[in-house]
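One structure below.
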Amino acid sequence: MVVGDSLAFEYALRPLPLGRFTFRRWRWELWHGPVLRASGWRTSPSHAERALRAAASYWAHEAVGLRVLRPDLARAHGRFGSVVQLDCGAVACVLLPRGEEQALEATG
């Protein structure tokens, strides 16, 4: 999906319930349409956001046929939980909260 001139991905970022582990974990997922491109968990929300930015940078570069050199250097403009603009160097993309795509299509 493309929003404006940028490639768009959807993301989910949520805390996992406490289980047999005694520490908090946050689950992150990166979606491109119906395809789950990357997912995982981290022990803090900031680390989960960083992993999400790196995965989005990697897949945005793959979508245009480039190889990303440092996906961890992608910068987010905006706060997670809402629409986030991602600057990945030569490529830019938009991260939408999962389910936000239908809201954009209904208004536009």
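Just so it is clear, none of the values below were taken in a lab; they were calculated from the coordinates. What you are looking at is a predicted structure, and each value in this text was computed from that prediction instead of being measured. All Cβ positions, glycine included, derive from the backbone under ideal geometry; neighbour counts span all protein chains shown.
Quick notes on this one:
- For the chain, the longest principal axis of the C-alpha atoms and the axis of helix 45-63 are separated by about 30°.
- Distance between the 7 Å Cα→Cβ label points at F21 and R67: 3.2 nm.
- Prolate/oblate/rounded label for segment 2-107 (Cα gyration tensor, a/c 1.5): oblate
- Extending 7 Å from Cα along the Cβ direction at H77 and again at W41 yields two label points whose distance is 3.5 nm.
- For segment 15-99, applying the loop criterion from DSSP together with a ceiling of 15 other beta carbons within 10 Å to the chymotrypsin sites (Phe, Trp or Tyr not before Pro) yields F21, F23.
- The dipole here belongs to the chain: it is taken about the Cα centre, uses +1 on the Cβ of Lys and Arg and -1 on the Cβ of Asp and Glu, and is about 700 debye.
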